[in-house]
Amino acid sequence: MKKAQSLLIRFSQVALVLLGATFLVSILIRQLPGDVSLLINPVASEAERASLRHELGLDRNYFSAYWMWLSRMFQGDFGFFIFGGKVLPVLKTAIPPTLQLIFYTQIVALTVAVPLGVTSAYKQGTRFDRFTSTTLFSLSSIPNFGIGLILSLIIGVKIGILPPSGYKPISEGLLDHFRLMVLPVLTLAIAPISTYTRLLRAEMIGALREDYVLLALSKGLSDRRILLRHVLRPSCTTLMTSAALSMGGLIGGALVIEIIFVIPGMGTQLAKAIGMREFLAIQTYVAFIALFYITFNSIIDFLIGVVDPRTRNRRA
Amino acid sequence: MNQSSKGRAMKRFGIAIAITLGASAIQVGTGHAASTPAPTRGGTLNVTMTDYMVGFCPNDTNSNSALMAVRQIGETLFEQRADGVVVPYLVSSASANSDFTSWRLVTRAGVTFSNGEKWNADALIINMQSSIGKLSGGGDGKTDNAKVNPAALPLPQFHGAKYGGLAPVAWSNLKAITKINETTVQFDLKRGNGGLKELLYGSGRSFMRAPAMFTPANNPGTKLTDINYLCSRQMIGTGPFKMADGGMSADKSTITLTKNDTYWRKDAKGAKLPYLDKLVFTTTKDAATRVNALKAGTTDLSWFTGASEANAILRAQKIKTLKATLSDGDFYPQLWFVENKAPFNKLSCRQAVSAAIDRATYATKRSSGLLKPMTSILGASNLGATTENFITYNAAKAAEYLKTCVGELGTTQLEFNTPWDTAPDAQKNGKELADQLAAVGIKMNVLSVETGTIITNVFASTATTGYQAVWFNVLEGPGNQYNSLFLSSTSNGYYCKGVEALLGEPACAAGASPDLYGSLNTLNISRHTDKDFDTLWFAAKGLSGAAQTAKYKEAIARWQAQVHSTPIMGVQFAVVSTSKVKGVCELKLTSGGTGRCASNSGVSLAGVYKTK
């Protein structure tokens, strides 16, 4: 019963955040200067422009216009582009590349960051620890578009072992798909690797000073066992929260990276829609991005509960 | 000589003969190899462009690089030779009466659209009717229009959503278009125009579309925002490549074309064109990424603009495996002064800005020397180019003009707002100009605005643009028919008011009030009301040859004296290809001579092939 109640609260929160985010975006978009009807028909008479504004819902107040968009969304109408075409087919093709990019990035980032963080914590103050910290700090201070261009130039062009840009869906060949995803994923993964490593290191150093670690040591447990079972596990909750929070950053980062590596994902589409002032499409894209963000966070919340029973009990 | 020495001599002789024969054989072989090898047929050419496609309706204004994809499907009535002369292409001839008020165009025989429809007088008329806002030839425009799009009423001529767009303004001088026979069409104009061929060429933008694209069945929409128009997603033309419905990706970033098996042109040896089987155009915004893809071989050919991608072009030129083909520097972006409000309603303020721009330094800093500074609002190859009255860089003079300007304005400083595109390189261009003006005490505020918004505000039908000056690239080429739309304060030489009067025949001439500027100044970016310039300009348009050139120069000198706009540097575009790509710009025009190779819309790929 409590679980059902908890789920209900969770879903209500998700819905509220989604509504709030999309409503705010709809207000902000309406504040953009210029008249969209003129973009469509620059030589239209005032009557034609008024008719066009009516069709687009631009003559309605904020709530009415938002309701029009929302009710259409619930009916499966995700809107249209002012310059032609429907948003839904574009969404269908844009979502998979972005999800793949973010998913692969998280896997790579965690795969690299966890062993690095554990080792750095274990060997704190050593040359390895200092080297790892300095390198990661330096790399994370370079903007990801800079890293992207450098990787594309060196690995894609100079060495030529991987294609410098492009995208192919899995259906067109698994090998080609992964070859094209290596550079953008590496580019996007550098910042989270740095963050996760440093965060995990700090958490683990703190945990290593806990009394239960001393107790475990006094019991004669091996360093490996203490590190992985008694120190890493409680330290992971912060890492997982950070991973969930970084989803927003990854989506933002993907926007630039997708353009550099010519990946036709949500970032590319959002940038294009902003540039062309496709306000209906922007609203829909933002709704989906918010949905991803909230979904990822909910999943992580659930996983934290699995990993750390203390938080699970607290929630229950 | 004994036998052995005789034998050795014979042996040497034999070797010498063998060497000679061998050498000659090699020579023959080399000579053969040196002749042009037969073009390779088949294969896919991967092309990258910087713009997204918009669509294929007459009103869909595809930007420069996206036009390169469209020009492989559609063709124009005329083509431009490398020397700037406009020659017949989809028409076989064009002739005019003595005062250029009546023209007859004959459509080229043996040409069909890729869907099998014939290219003839009817097809030409329906294309023209769509351009001027009426949809069907030979009938009541309103009736036909109502069938296709009832929402267009009551102003069918001005339904700009999918048909016509700004084109009706360009065609406001057209009095009538009449079918003479199956292949001949007559154009009657209100005011004589010696450059009608050039206007129909439309700077390579006036593509002829298959009549099927205009039928009611393919245009079921009833509202301006309807999206079911065939032309929103598919282009059917007479070009070397064709496009299937669905050939454009949902996000319009990729367009796939296949060979048009019924293409009418042949190569120099009479063989069928095109050579390539397939073209794939992909939008790649970042210039460095495009160069990298070329170098890595994942792209075969790519488009660049010198205005903001000069460094990428220069980098590509240094890479041995790449070949850069540059257009002439005949694209002339300007700073247009909006004259219907302060501060640029004062001539002295416009003069101050023009004199404060160090064009040579700007060109060096912002294009690494690739682009050349301007000494006229039009480039040297243009008919109207003249240095007369052009205000070049002179800091002392600028200070003098500025003193007069602020005195007339009654302020202490000349300050104005101007929008520049949000792209980092465009913003840097704006900053460089602002810095130069600041050096003489002029404050230019660079606003970061998307080009789409700039266009909206610049071409708003209201008199006010919201900006005080606008950096805009619309003037180009050696001729002036296209430029005319943006330079003159009236699109047809008459001063009338109201949208209805624009296509009215003879409303403009008879009932016009000469002092009223209605929708006619839609394209008049500077909002000037310089009738002396208009008089000279339209007089030039009614002439030909040396007399026309002289009159154009006179008009431009007037423009430069009034400083309605001021340029900085001429812009070049580039097409960069890998060493596997051959035949770029080698195909001769049907009317003879070499065509204008690279332009803002890239290159034709009809005669291009790809080696293994």
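The values are calculated or read from the model by the stated rules, or taken from the named source; none is laboratory data. Source: prediction; values computed, not measured. FYI the Cβ positions are ideal-geometry reconstructions off the backbone, even for glycines, and counts take in every protein chain you see.
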Scanning for something outside any helix (DSSP H, G or I), closer than 30 Å to B:Gly247 by Cα and more than 8 Å from chain B (Cβ to nearest Cβ), does region A:47-58 turn up at least one residue?
no
Does region B:316-329 include one or more residues that are under 20 Å from B:Asn600 (Cα atoms) and among the β-branched types (Val, Ile, Thr)?
yes
Does B:Asn389 satisfy the criteria of being surrounded by fewer than 23 Cβ atoms within 10 Å (Cβ to Cβ), on the phi > 0 side of the Ramachandran plot and in contact (Cβ under 8 Å) with a residue 12 or more places away in the chain?
yes
Filter result (surrounded by 20 or more Cβ atoms within 10 Å (Cβ to Cβ) and in a helix (DSSP H, G or I)) within region B:360-386:
B:Tyr362, B:Ala363, B:Arg366, B:Ser367
Can you confirm whether A:Ala254 is part of a helix (DSSP H, G or I) and under 26 Å from A:Ile300 (Cα atoms)?
yes
The one condition in (1) at pLDDT below 90; (2) part of a helix (DSSP H, G or I); (3) of a type in the set (A, V, I, L, M) that A:Ile142 fails to fulfil
(2)
Can you tell which of A:Ser120, A:Ser133, A:Ser171 is part of a helix (DSSP H, G or I), farther than 30 Å from A:Arg229 by Cβ and among the polar types (S, T, N, Q)?
A:Ser171
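Each row is one residue, and each column tells you yes or no for (1) more than 14 Å from chain A (Cβ to nearest Cβ); (2) over 25 Å from the mean Cα position of the chain (by Cα); (3) within 26 Å of A:Lys272 (Cα to Cα).
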| position | (1), (2), (3) |
| --- | --- |
| B:Gly237 | yes, no, no |
| B:Thr258 | yes, no, no |
| B:Asp261 | yes, yes, no |
| B:Tyr275 | yes, yes, no |
| B:Ala287 | no, no, yes |
| B:Arg290 | no, no, yes |
Could you say whether any residue in region A:90-108 is in a helix (DSSP H, G or I) and in contact with a Ser or Thr (Cβ under 6 Å, 6 or more places away or on another chain)?
no
Taking region B:302-316 and keeping only residues that are touching a Lys or Arg at 6+ places or on another chain (Cβ under 9 Å), away from chain A (no Cβ under 13 Å) and modelled with pLDDT of 90 or more, one is left with B:Trp303, B:Phe304
Has region B:319-337 got any residue that is under 30 Å from B:Ser604 (Cα atoms), under 25 Å from the mean Cα position of the chain (by Cα), of a type in the set (Val, Ile, Thr) and part of a helix (DSSP H, G or I)?
no
Quick check on region A:130-153. Is at least one of its residues more than 22 Å from the chain's Cα centre (by Cα), free of Cβ contacts under 8 Å to residues at least 12 places away in the same chain, within 11 Å of chain B (Cβ to nearest Cβ) and surrounded by fewer than 14 Cβ atoms within 10 Å (Cβ to Cβ)?
yes
Counted residues, region B:239-253 - those being more than 9 Å from chain A (Cβ to nearest Cβ) and either under 19 Å from B:Leu273 (Cβ atoms) or hydroxyl-bearing (Ser, Thr, Tyr) (or both):
5
Can you pull out every residue in region A:165-213 that is within 16 Å of A:Ile155 (Cα to Cα) and at pLDDT below 90?
A:Ser165, A:Gly166
Yes or no: region B:345-359 includes at least one residue that is closer than 22 Å to B:Glu400 by Cα, assigned to a strand (DSSP E or B), touching a Lys or Arg at 6+ places or on another chain (Cβ under 9 Å) and not assigned by TED's automatic domain parsing to the domain that holds B:Thr256.
no
Let me confirm something: among B:Lys295, B:Lys272, B:Lys320, B:Lys259, which residue is over 23 Å from B:Ala561 (Cβ atoms), touching a residue at least 24 places away in the same chain (Cβ under 8 Å) and surrounded by fewer than 23 Cβ atoms within 10 Å (Cβ to Cβ)?
B:Lys295
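Residue-by-condition table, conditions (1) within 14 Å of another protein chain (Cβ to nearest Cβ); (2) closer than 18 Å to B:Ser348 by Cα; (3) at pLDDT 70 or above:
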position: B:Gln413; (1), (2), (3): no, yes, yes
position: B:Asn417; (1), (2), (3): yes, yes, yes
position: B:Asn429; (1), (2), (3): no, no, yes
position: B:Thr465; (1), (2), (3): yes, no, no
Top-ranked residue in region A:242-261 [being within 14 Å of another protein chain (Cβ to nearest Cβ), in contact with a Pro (Cβ under 9 Å, 6 or more places away or on another chain) and hydrophobic (A, V, I, L, M, F, W, C); ranked as surrounded by the fewest Cβ atoms within 10 Å (Cβ to Cβ)]:
A:Val256
Boolean, B:Lys295 is part of a helix (DSSP H, G or I) and either of a type in the set (Lys, Arg) or more than 14 Å from every other protein chain (Cβ to nearest Cβ) (or both)
yes
Return a yes/no flag: does region A:189-202 have any residue that is within 14 Å of another protein chain (Cβ to nearest Cβ), within 30 Å of B:Leu294 (Cα to Cα) and surrounded by 13 or more Cβ atoms within 10 Å (Cβ to Cβ).
no
Checking B:Ala561 against (1) buried (at least 22 other Cβ atoms within 10 Å of the Cβ); (2) at pLDDT 95 or above, the condition it does not meet
(1)
Of the residues B:Arg209, B:Arg191, which is outside any helix (DSSP H, G or I), modelled with pLDDT under 85, at negative phi and not β-branched (Val, Ile, Thr)?
B:Arg191
Yes or no: region B:504-525 includes at least one residue that is surrounded by 21 or more Cβ atoms within 10 Å (Cβ to Cβ), modelled with pLDDT under 85, assigned to a loop (DSSP other than H, G, I, E, B) and not aliphatic (A, V, I, L, M).
yes
